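The values are calculated or read from the model by the stated rules, or taken from the named source; none is laboratory data. Treat the numbers as computed from the prediction; the structure is a model and nothing was measured. Reconstructed Cβ throughout: ideal geometry from the backbone, glycine too, with neighbour counts over all protein chains shown. Only protein heavy atoms, including side chains, enter the accessible area calculation; ligands, DNA and RNA are left aside. Shrake-Rupley method; radii C 1.70, N 1.55, O 1.52, S 1.80 Å.
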Amino acid sequence: MPPAAPAYRRLSVEERRSQLLNAALSLFAHRAPEDVSLDDVAEAAGVSRPLVYRYFPGGKQQLYEAALRSAAEELQRCFDEPPNGPLLPRLARALDRYLAFVDEHDAGFSALLQGGSVVETSRTTAIVDGVRRAAAEHILSHLEVTDAGLHLRMTVRMWITAVEAASLIWLDEDKQPPVEELRDWLVDQFVAVLSVTADRDPQTAALTQKLIADS
């Protein structure tokens, strides 16, 4: 007697929405948003186009922004790290997760998180900038700084921008150097930019001395 077919289970609203977002993210990961249609998303999710519209009545713009928020939340989680042990190994582990995200999304990383798309708006820009601000807050928290001065804040945010740029160049260069080398280089750059700022800012100087002593 052949086994019974598994019973059909109707997806909940949240499960269906998650399914559509995952399908959209998989497409946006390899194609620019303007090259992805709602028909593409429907086909990837195995549903009809009207069903996509039912969950995202604002069309592709609304779907793209929702997918971007989902990706942004995943990126922010990359910087979640228990505050235990020396800072530089913690930073290296966060970078491992960040670069794994970049590697997974490959050619779509720029279109997904760096702008330059016809569907880019002030809202999408704000979502991306929120990731940068969250990353900076995580780093300052690991530095145990509650009242960061201007020089220190600018240094941390400049380094985050450098990490983004290095990630994009790494993709352009066929993911060379090896990701472990890139990670270690970025950690060294973090110490280097802090050291430069330390010459101008006592707060950063004290942090840099502690950082080097703990490493």
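Couple of notes before you dig in:
- Relative to its Kirkwood radius, the Cα radius of gyration of the chain gives an Rg/Rh of 1.08.
- Cα long-axis angle, helix 13-28 against the chain (0 to 90 degrees, to the nearest 10): 70 degrees
- Extreme residue, positive dipole direction of the chain, given options Leu63, Pro50, Pro178 (C-beta unit charges): Pro50
- Across the chain, the relative contact order, built from alpha-carbon pairs under 8 Å that are at least six residues apart, equals 21 percent.
- The chain, dipole about Cα centre (Lys/Arg Cβ +1, Asp/Glu Cβ -1), debye to the nearest 20: 860 debye
- Between region 59-84 and region 140-215, the C-alpha centres lie 22 angstrom from each other.
- Working ranking of peptides 137-143, 10-16 by packing, defined as the average number of other Cβ atoms within 10 Å per residue, highest first, is 137-143, 10-16.
- Asp172 paired with Arg200, simple spin-label distance in nm, labels 7 Å along Cα-to-beta-carbon: 2.6 nm
- Accessible area (Å², 1.4 Å probe, nearest 10) - Ile160: 10 Å²
- Carbon-plus-sulfur accessible fraction, region 46-92 (probe radius 1.4 Å, protein heavy atoms only): 53%.
- Positive dipole terminus of the chain, leading residue within Leu38, Phe190, Ile139 (C-beta point charges): Leu38
- Rolling a 1.4 Å probe over the protein heavy atoms gives the chain an accessible area of 55 Å² per residue.
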